[in-house]
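Q: Let me give you the structure first, and then I'll get to my questions.
The values are calculated or read from the model by the stated rules, or taken from the named source; none is laboratory data. Remember, predicted model here, so these are calculated numbers, not experimental data. Here the Cβ is made from the backbone with ideal geometry for all residues, glycine too, and neighbour counts use every protein chain on show. Just so you know, the surface numbers come from the protein's heavy atoms only, side chains and all, with ligands and any DNA or RNA stripped out. Shrake-Rupley method; radii C 1.70, N 1.55, O 1.52, S 1.80 Å.
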Amino acid sequence: MSDALNYLLKARPEAMGHYFRFLKDAGSRLDPKTRSLISVITKVHSQTRRGLLQYVKRALGDGASAEEILDALLMAFPALGLAKIVWAVDVLLASDIPDFRTDALGAAPQWRRVGEVAAIAPGGATRVACEGRTLLVYRADGACTVYDSHCPHQRTPIPLQALSGRELKCPKHGWTFDIATGACTAIGDRPLKRYPSKIEGGVLFAEW
(Lines give C-alpha, C1' and ligand atoms only; values in the text may rest on other atoms or scores of the structure.)
Protein backbone atom coordinates (compact mmCIF):
# COMPACT_ATOMS: atom_id res chain seq x y z
CA MET A 1 0.00 0.00 0.00
CA SER A 2 1.26 3.49 -0.84
CA ASP A 3 2.27 6.08 1.75
CA ALA A 4 -0.65 8.24 0.57
CA LEU A 5 -3.21 5.49 1.27
CA ASN A 6 -1.66 4.79 4.66
CA TYR A 7 -1.95 8.51 5.45
CA LEU A 8 -5.60 8.65 4.36
CA LEU A 9 -6.42 5.59 6.46
CA LYS A 10 -5.09 7.42 9.52
CA ALA A 11 -6.52 10.84 8.62
CA ARG A 12 -9.96 9.65 7.45
CA PRO A 13 -10.39 6.10 8.78
CA GLU A 14 -14.20 6.00 8.52
CA ALA A 15 -14.35 7.22 4.92
CA MET A 16 -11.49 4.98 3.77
CA GLY A 17 -12.98 2.05 5.63
CA HIS A 18 -16.15 2.40 3.53
CA TYR A 19 -14.01 2.55 0.40
CA PHE A 20 -12.09 -0.64 1.16
CA ARG A 21 -15.25 -2.48 2.20
CA PHE A 22 -16.78 -1.46 -1.13
CA LEU A 23 -13.79 -2.84 -3.04
CA LYS A 24 -13.84 -6.10 -1.10
CA ASP A 25 -17.57 -6.61 -1.62
CA ALA A 26 -17.38 -5.66 -5.30
CA GLY A 27 -14.97 -8.52 -5.95
CA SER A 28 -16.46 -11.04 -3.53
CA ARG A 29 -17.96 -13.17 -6.33
CA LEU A 30 -14.72 -13.37 -8.28
CA ASP A 31 -12.06 -15.98 -7.67
CA PRO A 32 -8.66 -14.65 -6.48
CA LYS A 33 -6.96 -15.21 -9.85
CA THR A 34 -9.58 -13.20 -11.74
CA ARG A 35 -9.43 -10.37 -9.18
CA SER A 36 -5.64 -10.24 -9.52
CA LEU A 37 -5.78 -10.18 -13.33
CA ILE A 38 -8.24 -7.28 -13.23
CA SER A 39 -5.93 -5.46 -10.80
CA VAL A 40 -2.99 -5.99 -13.18
CA ILE A 41 -4.98 -4.30 -15.96
CA THR A 42 -5.85 -1.33 -13.73
CA LYS A 43 -2.19 -0.84 -12.80
CA VAL A 44 -1.19 -0.91 -16.47
CA HIS A 45 -3.90 1.63 -17.25
CA SER A 46 -2.53 3.99 -14.57
CA GLN A 47 1.08 3.02 -15.44
CA THR A 48 1.99 2.38 -11.82
CA ARG A 49 5.20 0.35 -11.90
CA ARG A 50 5.23 -0.67 -8.25
CA GLY A 51 1.55 -1.63 -8.33
CA LEU A 52 1.97 -3.55 -11.57
CA LEU A 53 4.75 -5.70 -10.16
CA GLN A 54 2.84 -6.24 -6.93
CA TYR A 55 -0.27 -7.50 -8.70
CA VAL A 56 1.57 -9.49 -11.36
CA LYS A 57 3.32 -11.41 -8.59
CA ARG A 58 0.04 -11.76 -6.73
CA ALA A 59 -1.63 -13.10 -9.89
CA LEU A 60 1.16 -15.65 -10.28
CA GLY A 61 0.71 -16.62 -6.64
CA ASP A 62 -3.04 -16.98 -7.19
CA GLY A 63 -2.46 -19.51 -9.96
CA ALA A 64 -2.30 -17.38 -13.11
CA SER A 65 0.38 -18.26 -15.63
CA ALA A 66 2.54 -15.69 -17.39
CA GLU A 67 0.65 -16.52 -20.59
CA GLU A 68 -2.69 -15.74 -18.91
CA ILE A 69 -1.37 -12.40 -17.66
CA LEU A 70 -0.17 -11.48 -21.16
CA ASP A 71 -3.53 -12.61 -22.61
CA ALA A 72 -5.36 -10.40 -20.08
CA LEU A 73 -3.33 -7.38 -21.20
CA LEU A 74 -3.92 -8.10 -24.87
CA MET A 75 -7.65 -8.62 -24.29
CA ALA A 76 -7.72 -5.19 -22.62
CA PHE A 77 -6.15 -3.59 -25.72
CA PRO A 78 -9.27 -1.48 -26.52
CA ALA A 79 -8.94 0.22 -23.12
CA LEU A 80 -5.17 0.17 -22.66
CA GLY A 81 -3.81 0.78 -26.12
CA LEU A 82 -0.54 -0.60 -27.47
CA ALA A 83 1.74 1.97 -25.79
CA LYS A 84 0.65 0.99 -22.25
CA ILE A 85 0.90 -2.72 -23.00
CA VAL A 86 4.44 -2.23 -24.33
CA TRP A 87 5.24 -0.19 -21.19
CA ALA A 88 4.00 -3.06 -19.01
CA VAL A 89 6.03 -5.68 -20.88
CA ASP A 90 9.14 -3.48 -20.60
CA VAL A 91 8.60 -3.34 -16.82
CA LEU A 92 8.20 -7.12 -16.63
CA LEU A 93 11.31 -7.77 -18.71
CA ALA A 94 13.40 -5.32 -16.67
CA SER A 95 12.26 -7.05 -13.46
CA ASP A 96 13.43 -10.45 -14.78
CA ILE A 97 10.52 -12.41 -13.28
CA PRO A 98 11.36 -16.07 -14.06
CA ASP A 99 7.87 -16.91 -15.36
CA PHE A 100 8.17 -14.32 -18.15
CA ARG A 101 11.52 -15.48 -19.50
CA THR A 102 11.13 -16.66 -23.10
CA ASP A 103 12.40 -20.15 -22.28
CA ALA A 104 9.72 -20.49 -19.57
CA LEU A 105 6.71 -19.35 -21.60
CA GLY A 106 4.61 -22.35 -22.54
CA ALA A 107 7.05 -24.75 -20.88
CA ALA A 108 5.64 -27.77 -19.05
CA PRO A 109 6.25 -27.86 -15.28
CA GLN A 110 9.57 -29.46 -14.34
CA TRP A 111 10.97 -31.03 -11.18
CA ARG A 112 13.71 -28.84 -9.69
CA ARG A 113 16.36 -29.98 -7.23
CA VAL A 114 15.86 -28.05 -3.98
CA GLY A 115 18.47 -29.73 -1.78
CA GLU A 116 19.36 -32.52 0.62
CA VAL A 117 16.58 -33.45 3.04
CA ALA A 118 19.15 -34.22 5.75
CA ALA A 119 20.11 -30.52 5.82
CA ILE A 120 16.68 -29.68 7.27
CA ALA A 121 16.10 -30.55 10.91
CA PRO A 122 12.94 -32.61 11.60
CA GLY A 123 10.20 -30.26 12.73
CA GLY A 124 12.18 -27.35 11.34
CA ALA A 125 12.17 -25.11 8.30
CA THR A 126 14.68 -23.47 6.00
CA ARG A 127 14.72 -20.82 3.29
CA VAL A 128 16.18 -21.90 -0.05
CA ALA A 129 16.96 -20.06 -3.29
CA CYS A 130 16.23 -22.31 -6.27
CA GLU A 131 16.31 -21.34 -9.95
CA GLY A 132 15.19 -17.77 -9.48
CA ARG A 133 12.67 -18.48 -6.71
CA THR A 134 12.93 -18.27 -2.95
CA LEU A 135 11.28 -21.14 -1.09
CA LEU A 136 10.33 -22.02 2.46
CA VAL A 137 10.71 -25.73 3.20
CA TYR A 138 9.14 -27.37 6.25
CA ARG A 139 10.09 -30.91 7.31
CA ALA A 140 7.98 -33.12 9.56
CA ASP A 141 6.98 -36.78 9.82
CA GLY A 142 9.43 -37.84 7.14
CA ALA A 143 8.01 -35.47 4.53
CA CYS A 144 8.78 -31.96 3.30
CA THR A 145 6.39 -29.21 2.28
CA VAL A 146 7.59 -26.51 -0.11
CA TYR A 147 6.12 -22.99 -0.22
CA ASP A 148 6.76 -19.75 -2.03
CA SER A 149 8.47 -17.57 0.60
CA HIS A 150 6.37 -14.49 -0.24
CA CYS A 151 3.21 -13.44 1.57
CA PRO A 152 0.20 -13.82 -0.75
CA HIS A 153 -1.10 -10.40 0.32
CA GLN A 154 1.46 -8.03 -1.24
CA ARG A 155 4.24 -10.48 -2.13
CA THR A 156 6.37 -9.35 0.82
CA PRO A 157 9.36 -11.67 1.35
CA ILE A 158 8.92 -13.53 4.65
CA PRO A 159 12.24 -14.20 6.41
CA LEU A 160 12.92 -17.40 8.31
CA GLN A 161 13.19 -15.30 11.46
CA ALA A 162 9.43 -14.70 11.17
CA LEU A 163 8.83 -18.35 12.11
CA SER A 164 8.04 -19.24 15.74
CA GLY A 165 7.18 -22.89 16.20
CA ARG A 166 4.67 -23.51 13.43
CA GLU A 167 3.53 -19.89 13.27
CA LEU A 168 4.89 -17.83 10.37
CA LYS A 169 4.08 -14.11 10.51
CA CYS A 170 4.56 -11.68 7.62
CA PRO A 171 6.52 -8.66 8.92
CA LYS A 172 4.59 -6.12 6.83
CA HIS A 173 0.90 -6.49 7.71
CA GLY A 174 0.87 -9.39 10.15
CA TRP A 175 -0.73 -12.08 7.98
CA THR A 176 -0.04 -15.28 9.92
CA PHE A 177 0.29 -18.82 8.57
CA ASP A 178 0.66 -22.38 9.83
CA ILE A 179 3.92 -23.53 8.25
CA ALA A 180 2.75 -27.18 8.43
CA THR A 181 -0.32 -26.62 6.26
CA GLY A 182 0.22 -23.22 4.63
CA ALA A 183 -3.20 -22.08 5.90
CA CYS A 184 -3.66 -18.43 6.88
CA THR A 185 -4.63 -18.36 10.55
CA ALA A 186 -4.87 -14.62 11.29
CA ILE A 187 -5.47 -11.24 9.58
CA GLY A 188 -5.58 -12.48 5.97
CA ASP A 189 -7.67 -14.85 3.91
CA ARG A 190 -5.29 -16.64 1.53
CA PRO A 191 -2.83 -19.49 2.14
CA LEU A 192 0.84 -19.64 1.24
CA LYS A 193 1.46 -20.82 -2.31
CA ARG A 194 2.50 -24.47 -2.15
CA TYR A 195 4.57 -26.29 -4.77
CA PRO A 196 4.24 -30.03 -5.51
CA SER A 197 7.23 -31.81 -4.02
CA LYS A 198 8.79 -35.24 -3.72
CA ILE A 199 11.81 -36.90 -2.13
CA GLU A 200 14.05 -39.24 -4.11
CA GLY A 201 17.26 -40.71 -2.74
CA GLY A 202 17.32 -38.25 0.13
CA VAL A 203 17.01 -35.28 -2.24
CA LEU A 204 14.04 -32.89 -2.23
CA PHE A 205 12.50 -31.80 -5.54
CA ALA A 206 9.79 -29.21 -6.20
CA GLU A 207 7.76 -28.77 -9.35
CA TRP A 208 6.88 -25.59 -11.27
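Q: Quick query: amide H of A180 versus all other amide H atoms, modeled in the peptide plane; which residues come in under 5 Å with a sequence gap of 5 or more or a different chain?
A: It is none; the list stays empty.
Q: Rounded to the nearest 20 Debye, what is the dipole magnitude of the chain about its Cα centre when Lys and Arg each give +1 and Asp and Glu each give -1 at the C-beta?
A: In total the dipole reaches around 600 debye.
Q: Same structure again: Accessible area per residue, 1.4 Å probe, Å², for the range 28-166: what's the number?
A: Here the per-residue accessible area is 52 Å².
Q: Now a separate question. Find the centroid of the Cα atoms in the range 182-208 and in the range 12-49, then give the distance between the two in whole Å.
A: 27
Q: Label-point separation (nm) for A143 and V86, each offset 7 Å from Cα along Cα-to-Cβ?
A: Each label point is offset 7 Å from its Cα along the Cβ direction, giving 5.1 nm.
Q: Follow-up. Once ligands and nucleic acids are excluded and a 1.4 Å probe is used, how much of E14 is accessible, expressed in Å² to the nearest 10?
A: About 140 Å², rounded to the nearest 10.
Q: Collect residues whose amide H, placed 1.01 Å from N in the peptide plane, falls under 5 Å from the amide H of G115; neighbours closer than 5 in sequence don't count.
A: L204
Q: So in the chain, which Cys have no other cysteine's beta-carbon sitting under 4.7 angstrom from theirs?
A: By the Cβ distance rule, which asks for a partner under 4.7 Å, the isolated cysteines are C130, C144, C184.
Q: Okay, moving on. Note down the nm distance, to one decimal, between modelled labels 7 Å out along Cα→Cβ at A108 and at Q161.
A: Distance between the two pseudo-spin positions: 4.3 nm.
Q: Would you grab the residues whose amide H sits under 5 Å from the one on T156? Only those 5+ places off in sequence or on another chain, please, with H modelled 1.01 Å from N.
A: The list, which skips near neighbours in sequence, is C151.
Q: Considering only protein heavy atoms, what is the solvent-accessible area of E68 at a probe of 1.4 Å, reported in Å² to the nearest 10?
A: 70
Q: Still on this structure, I have one more. Determine the sum of side-chain charges near W87: Lys and Arg each +1, Asp and Glu each -1, restricted to other residues whose C-beta is under 15 angstrom from that of W87.
A: +3
Q: May I have the convex hull volume per residue, in Å³, for the Cα set of the range 11-145?
A: Considering the Cα atoms of the range 11-145, their hull volume per residue is 182 Å³.
Q: State the percentage of accessible surface on the chain attributable to carbon and sulfur atoms; use a 1.4 Å probe and exclude ligands, DNA and RNA.
A: Taking all protein chains in place, the chain shows 56 percent carbon and sulfur surface.
Q: Separate question: Between N6 and H45, what is the label-point separation in nm under the 7 Å Cα-to-beta-carbon projection?
A: Using points 7 Å along Cα→Cβ, the separation is 2.7 nm.
Q: Let me ask you something else. By the scheme Lys and Arg +1, Asp and Glu -1, what is the net charge of all other residues having a beta-carbon under 12 Å from that of G17?
A: +3
Q: Please work out how many pairs of lysine residues in the range 6-65 are eight or more positions apart (or on different chains) and have Cα atoms closer than 16 angstrom.
A: Qualifying lysine pairs in the range 6-65: 4.
Q: Using a 1.4 angstrom probe on the protein heavy atoms only, line up D103, D141, D31 by accessible area, largest first.
A: D141, D103, D31
Q: Can you run phi through the Karplus equation (6.51, -1.76, 1.60; θ = phi - 60°) for the range 20-28 and list ³J(HN,Hα) in whole Hz, with x for Gly and Pro?
A: 6, 5, 4, 4, 5, 5, 4, x, 5
Q: Residue by residue through the range 80-93, what is 3J(HN,Hα) from phi via Karplus (6.51 cos²θ - 1.76 cosθ + 1.60, θ = phi - 60°)? Round to whole Hz and write x for glycine and proline.
A: Result, ordered by residue: 8, x, 5, 4, 6, 5, 4, 4, 5, 5, 4, 5, 5, 5 Hz.
Q: Would you mind telling me which residue in F100, F177, F20 has the biggest mean-square fluctuation in a Gaussian network model of the chain, where springs connect alpha carbons within a distance under 10 angstrom?
A: F20
Q: In the Gaussian network model of the chain, springs joining C-alpha atoms below 10 Å, which of T134, T185, T102 carries the largest mean-square fluctuation?
A: T102
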